[in-house]
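In what follows, a structure is listed as structure tokens, so that the remarks can point back to it.
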Amino acid sequence: MKIIQSFALFDEGNPYMLKRNDLSYVHLYLYSFLLSYATLKKHYNHVTMYCNQKAYDTFIKYIPYDDIIIMENKNSIDLWNGYKIDVLKTVNDECIHVDPDVFVYDDLFLEFIHGKGDILIQNIVSPEDNNVIDFAYNNKEFLINTKIFTKEYDGRCAACGVLGMRKKVFEPFFRAYDILHKEIIGFKKKNGITMVGQIIIIEELLLYLIAVENNYELVDILPYDLILKHGFVNVGNFINYCHVWQESKFKKEFIDDMRRKIQQDYFEYHHLVVEHDNRLKKLNILI
């Protein structure tokens, strides 16, 4: 099964850093992307990156992906994760997409690769932690009329730092995505949904609804019951899985940790860290 990653670099920078005028920080993506690649390469041998030309020219060309496919981005930064869905449509085959700020330290995809379940996700989000829970309740009529979701909603959501789908999931998910993607700006204005809320709705909430509607079996890498008992971060430590969220990947303490991890456990890539450190110095970019 193919292991893929994707990334489109926007002219505005990172959606979590929009208040920052200096976009030099985008060069710091390399550290998390390189560590993510190294962890996947170790277990799955071949990793393909889909990216736009701007991302490739900025830093992706310095990472030794086994394949790099240039695919331009047609999404606005308000719906930045639409690029991931466009890539999955283009691949049009069973694969596992891993966000490039996710580190998979063990072979956590083995059971799914060998046939367990219909959809592989990072974890199921509880109603208490679901930031878009109101959307499904407030727009029940729309979801029923469009045949996206007609069942009783339990308030939960998916988190898709990792996303794998069987072929039978493609048609219902992509159909629903196209419908919701077209309408989401209207829902944002009507319901006061934030930008982050929009991107969760059109991917992670929608995928969960599709799974429930069609009785698809969800395989969660971080088990739901363990997260309720121990918390997300602790379960990640137990399972050897890490997702560096939002702007954390640009912070010095996390970058230092990533550098150290590469040096200690993936030394064959350490020279790329040193080269990038030197590149940043020449560009006068500070962490």
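The figures follow:
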item	result
Qualifying helices (runs of 4 or more DSSP H) (wholly inside the range 186-287; at least 1 residues being more than 18 Å from the chain's Cα centre (by Cα))	206-213, 224-230, 232-239, 252-265, 270-282
Residues being over 28 Å from residue 27 (Cβ atoms) and of a type in the set (S, T, N, Q) - total across the range 225-254	3
Extreme residue, surrounded by the fewest Cβ atoms within 10 Å (Cβ to Cβ), among residues of the range 1-49 that are among the polar types (S, T, N, Q) and out of contact with any Pro (no Cβ under 9 Å at 6 or more places or on another chain)	21
Residue that is surrounded by the most Cβ atoms within 10 Å (Cβ to Cβ), among those in the range 234-260 that are of a type in the set (Lys, Arg) and over 22 Å from residue 221 (Cα atoms)	259
Verdict on residue 94 being of a type outside the set (A, V, I, L, M), touching a helix residue (DSSP H, G or I) at 6+ places or on another chain (Cβ under 7 Å) and either surrounded by fewer than 21 Cβ atoms within 10 Å (Cβ to Cβ) or under 21 Å from residue 201 (Cβ atoms) (or both)	yes
Selection count where residues are surrounded by fewer than 16 Cβ atoms within 10 Å (Cβ to Cβ) and either without any contact (Cβ under 8 Å) to a residue 40 or more places away in the chain or in contact with a Ser or Thr (Cβ under 7 Å, 6 or more places away or on another chain) (or both), scope the range 151-178	5
Of the criteria (1) within 30 Å of residue 145 (Cβ to Cβ); (2) surrounded by 19 or more Cβ atoms within 10 Å (Cβ to Cβ), which one residue 218 fails	(2)
Pick from the range 133-156, criterion of a type in the set (S, T, N, Q) and assigned to a loop (DSSP other than H, G, I, E, B), ranking: farthest from residue 214 (Cα to Cα)	139
2 or more residues over 27 Å from residue 170 (Cα atoms): qualifying helices (runs of 4 or more DSSP H) within the range 24-96	29-44, 53-58
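Throughout, read-outs are computed from the coordinates displayed, never taken from laboratory work. The structure presented is a predicted model; accordingly, all values stated were derived computationally and were not measured. Neighbour counts run over all protein chains shown; Cβ positions are idealised from the backbone, glycine included.
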